[in-house]
Amino acid sequence: MKYYPVYLDLKERECVVVGGGEVGARKALGLEGCGARVRVISCEFSEKFFPGEGSSLRLEKRPYEKKDLENAFLVFAATDNAGLNRQILEDARQMGILCCLADAPELGDFILPAVMARGDLVCAVSTSGTSPALAKKIKKDLAGMFGPEYAVFLVLMGNIRKRLLAEGHDPDQHKKIFRSLVEKDLPGLIAAKDREGINLILKDLLGREYDYQSLASQES
């Protein structure tokens, strides 16, 4: 089967997870991490659902009902009851809602890839369900290729972009600048903690007012 790859903006979207086990917890916490408003329906909940203070998960301890899907953007059927999962899928489709089956993803409307994330760098790997083991291996390989320095690099690039746009947008000139920044192996310099080398590159390409310490800050 061929899947259409897409990244969804789930911020403030209503998402429902049915199932209180560890699989349901992974789905719910992943949705929450993307800013979704997550309701979880289950008669029992794994301790994984209680990550600590600050969690916005809404846990409803009771059996599933079709009306639980009203106003949902996405649904995950993640119970240990195959028949119930398929009923949830049928209900979701009747209501025009996309649904993923944790126990039989090929039967649902979408599948989740293996994901390697470094801040804003998100690499999703899918074998269209034919070999999850290969997808996990490629994910591991990517993690070795792209270290934590890439998260910092993207903060730097994002803040440079904001400042350039604020100063006036010159598409052709900015394109050249960003291409040069990418080709200068700034992630390698970040990993080596070579701030002087980074600042020399920024000064050469952008001017004296651009410095690593301020631009690599999340608050910039």
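The values are calculated or read from the model by the stated rules, or taken from the named source; none is laboratory data. Quick caveat: nothing in here was measured; it's all calculated off a predicted structure. Don't worry about glycine lacking a Cβ; one is built from the backbone with ideal geometry, like all the others, and counts go over all protein chains shown.
Can you pull out every residue in region 90-138 that is on the phi > 0 side of the Ramachandran plot and in contact (Cβ under 8 Å) with a residue 60 or more places away in the chain?
128, 129
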Qualifying residue in region 6-21 (condition: in contact with an Asp or Glu (Cβ under 9 Å, 6 or more places away or on another chain), part of a loop (DSSP other than H, G, I, E, B) and more than 17 Å from residue 101 (Cα to Cα)): no
Any hit, region 153-168, residues being over 30 Å from residue 24 (Cβ atoms), touching a strand residue (DSSP E or B) at 6+ places or on another chain (Cβ under 9 Å) and not polar (S, T, N, Q): yes
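Name the residue that is modelled with the highest pLDDT, counting only residues in region 193-210 that are surrounded by fewer than 12 Cβ atoms within 10 Å (Cβ to Cβ) and outside any helix (DSSP H, G or I).
The extreme case among them is 193.
More than 18 Å from the chain's Cα centre (by Cα) and among the β-branched types (Val, Ile, Thr): is that true of residue 111 in this structure?
Judged against the criteria, residue 111 is not a match.
Does residue 67 satisfy the condition of being in the same structural domain as residue 32 (by TED's automatic domain parsing), basic (Lys, Arg), within 18 Å of residue 29 (Cα to Cα) and out of contact with any His (no Cβ under 8 Å at 6 or more places or on another chain)?
When the stated conditions are applied, residue 67 does not pass them.
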Filter result (within 21 Å of residue 196 (Cβ to Cβ) and assigned to a loop (DSSP other than H, G, I, E, B)) within region 148-185: 148, 184, 185
Top-ranked residue of region 33-47 - restricted to ones that are more than 19 Å from the chain's Cα centre (by Cα) and over 15 Å from residue 69 (Cα atoms), ranked as surrounded by the most Cβ atoms within 10 Å (Cβ to Cβ): 45
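Take the conditions closer than 24 Å to residue 114 by Cβ, surrounded by 11 or more Cβ atoms within 10 Å (Cβ to Cβ) and not hydrophobic (A, V, I, L, M, F, W, C) and apply them to residue 61. Does it pass?
In short, no.
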Residue among 175, 184, 162 that alone is charged (D, E, K, R) and surrounded by 15 or more Cβ atoms within 10 Å (Cβ to Cβ): 184
Check on residue 67, loosely packed, with under 12 Cβ neighbours inside 10 Å, closer than 17 Å to residue 17 by Cβ and free of Cβ contacts under 8 Å to residues at least 12 places away in the same chain: yes
Single residue of region 120-145 satisfying the filter (in contact with a Phe, Trp or Tyr (Cβ under 9 Å, 6 or more places away or on another chain) and either surrounded by 15 or more Cβ atoms within 10 Å (Cβ to Cβ) or polar (S, T, N, Q) (or both)) that is modelled with the lowest pLDDT: 128
